[in-house]
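Right, one structure below, let's go through it.
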Amino acid sequence: MNACRTLFVGMSLGLLSACSSFFGPEYTTPQAPSKSTWSANPTGIAAANAIQPDWWRGFQDPYLNSLIRQAVAQGIDLRILAGRIAEARAAVGQAQATRLPTVNATTQASVTRSRVEILPGEFADPTTTHQYSARGALNWEIDIWGKLRKGVEAQQAAVRASQADWRAGYLTLASDVASIYFLIRQLDEQRGQQQKFLVNNQQILAIYERQYRDGLVARTAVLQQRAEGSDMRQLLLEFERQRQVAENQLATLLGTPAGEFKVPVVGQLERVRVPHVPAGLPADMLSRRPDIIAAEYRVLQAYDLIGQARLARLPSFSLTANGGAVSSVLSSLLKGFTFGLAPAINVPIFDASLKANVNVNEARAKIAAQQYRRTVITAYEEVENALVSLAFRKRQMQALKDQLKDLRTVNEQVRAQLKIGLVSQLQVFESQRRLLSAELLALTLHQQILSDTITLYKALGGGWPSEIVSKTLQE
């Protein structure tokens, strides 16, 4: 029998050497489109050298810093992602446990009462029999082919993917908090500007009403000015609604019930410093973005699962041991204990589910590779959009600054002409209104530049260090 087992193991090893495909495909990074040129990106320093993990401090806004600290400490989304890391680590322990022996033990006690018939209709006194038993079993699958190790490596890749998910969630959380906070500050500024518009409108309306009473203008001019004032009040209410909605969104990010968090009016948005935007892009952006890293680790996990599924089709070897004892006296139960140890071989001659499992994991690996490619393509788009938007809005801001300079000059000249009677008060108010409209546009454009800067930093990976996805993982 031992000779037969030795021969069978030798044949299996020969089969394995001839069919190396059982070990699964060798992992390589999935092919994805490469990109060497970028829009609105002159040569210069690498963005990776300029972006820091706490990049939002570049805005030099202490209140924003405190909001992000609170969001990181109390945000529910990050806690969920941290819980998934713990779950993945527990799964590693579960996979490692399959490589260890399993031992089971049972004990049993039974009592039997019986009576013996001596004569017809006559029985002896009942007798009681006590019996005690103990059983033990050990089973240890020997991971000759590395099937169980593949399972451990797959779970380790899942841990790395979960950690990258957390970093991506951290980056998204900080970006969302900063964007919503600057939106609230913009809305505060817009409300202040709108109040100035209303005052200006009331002054113009008073002039039109006086001219209407004097018969100098038609009543339609008065009605049009009143309608314009009504539109301004409606827009003022809309700004208030948007602010409260944004506050609720921010409260949720901070882990606070909506309606219980208020952002104070903290000053002019135009005073917020726009951080330096890197002139160049990192060549290793794909190894810095957490979402790309997570996607690649899931491809690696899929490869390991393919290998495990293929190895499951090979014979499995295990050691089994059984022991036990039976006694009518508890004190002597272990005196007659017996034990036996023997190797066992399980040969999957025909099991359609094993082949189906290989097909399922190969299909999942293809899906994971395509998801990785999609993530890379999306990253290119996000960086391109942020670069284009930031470049064009800075050009728009420069043009608007020139326009504001001209409008301020016109406004000053009109006021000077009013003093010497060359223009009417109505012309002064109209000049002020044009200036206010341009200032409101500049405010909106400044907020958009801040938002585009946040988006660019997020698209570039937010300052997280480079990480190379490798086949050999250590826990």
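Against the criterion of solvent-accessible heavy-atom surface with a 1.4 angstrom probe, Trp464, Trp55 sort, most first, into Trp464, Trp55.
What percent does the relative contact order of the range 150-259 come to when contacts are Cα pairs within less than 8 Å and at least six residues apart? Before the final figure, lay out the partial values.
Details: 54 pairs, mean separation 34.5, N = 110.
Relative contact order comes out at 31 percent.
Given R₀ = 30 Å, FRET efficiency for Glu382-Gln74 by Cβ-Cβ distance, to 0.05? Intermediate values should be presented prior to the final figure.
On the way: r = 27 Å, r/R0 = 0.91.
Working from the Cβ atoms, E equals 0.65.
Once all protein chains are placed together, Glu381 keeps about 100 Å² accessible to a 1.4 angstrom probe. Summing +1 for each Lys or Arg and -1 for each Asp or Glu among the other residues whose beta-carbon sits under 14 angstrom from that of Gln31 gives +3.
I need the fraction of alpha carbon pairs in the range 145-301 separated by more than 28 Å, rounded to a whole percent. Tail fraction, whole percent: 55. When a 1.4 Å probe is rolled over the protein heavy atoms, the share of accessible surface on the range 158-262 that falls to carbon and sulfur comes to 51 percent.
In terms of Cα atoms, the Rg and Dmax of the range 425-468 work out to 19.5, 69 Å.
Using 0.36 nm per residue and subtracting the Cα-Cα separation, the extra length available between Leu198 and Arg241 on full extension is 13.7 nm. For the pair Lys262 and Asp54, the difference between a 0.36 nm per residue extended length and the Cα-Cα distance amounts to 72.5 nm. Note on Arg374 and Thr220: their simple-model spin labels are 5.7 nm apart, each label 7 Å out from Cα toward Cβ.
As an exercise, use a Förster radius of 45 Å and the Cβ-Cβ distance of Gln398 and Arg213 to find the FRET efficiency, rounded to the nearest 0.05. Present the calculation step by step, with values, prior to reporting the outcome.
On the way: r = 46 Å, r/R0 = 1.03.
After rounding to 0.05, the efficiency reads 0.45.
Taking all protein chains as they are arranged and a probe of 1.4 Å, the heavy atoms of Tyr170 leave approximately 40 Å² accessible to solvent.
Approximating the spin labels as points 7 Å out from Cα along Cα→Cβ, the Tyr63-to-Thr444 distance works out to 2.3 nm.
Would you mind counting up the charge near Leu148? Only other residues with Cβ under 14 Å from its Cβ, with Lys and Arg at +1 and Asp and Glu at -1.
On the way: positive: Arg99, Lys147, Arg149, Lys150, Arg310; negative: Glu141, Asp143, Glu153, Asp304.
Combined, the nearby Lys, Arg, Asp and Glu give +1.
Remark on Ile142: its backbone amide H falls under 5 Å from those of Phe317, Ser318, Leu319, a criterion applied only to residues 5 or more positions apart or on other chains, H modelled at 1.01 Å from N.
Mind putting a number on the dipole of the range 56-101 about its Cα centre? Charges go on the C-beta only, +1 for Lys and Arg and -1 for Asp and Glu, and I need it in Debye to the nearest 20.
Details: 6 positive and 3 negative charges, 36 e Å.
In total the dipole reaches around 180 debye.
A simple count of charges around Ser175, restricted to other residues whose Cβ falls under 12 Å of its Cβ and scoring Lys, Arg +1 and Asp, Glu -1, yields -2. Solvent exposure of the range 176-282 amounts to 52 Å² per residue of accessible area, where only protein heavy atoms count and the probe is 1.4 Å.
The heavy atoms of Ser316 present about 30 square angstrom of accessible area, all protein chains included, probe 1.4 Å.
Carbon-plus-sulfur fraction of the accessible area of the range 407-462, 1.4 Å probe, in percent? Before the final figure, lay out the partial values.
Details: 1380 of 2530 Å².
Of all accessible area on the range 407-462, carbon and sulfur atoms account for 55 percent.
Of Lys35/Lys150; Lys196/Lys262; Lys35/Lys458; Lys401/Lys458, which ones are farther than 22 Å apart at the Cα? Over 22 Å Cα-Cα: Lys35/Lys150; Lys196/Lys262; Lys401/Lys458. Take the Cβ atoms of Lys405 and Glu430, set R0 to 22 Å, and the FRET efficiency comes out at 0.70.
The values are calculated or read from the model by the stated rules, or taken from the named source; none is laboratory data. Please read these numbers as outputs of a predicted model, since none were measured by experiment. Reconstructed Cβ throughout: ideal geometry from the backbone, glycine too, with neighbour counts over all protein chains shown. Heavy atoms of the whole protein, side chains included, go into the accessibility calculation; ligands, DNA and RNA do not. Shrake-Rupley method; radii C 1.70, N 1.55, O 1.52, S 1.80 Å.
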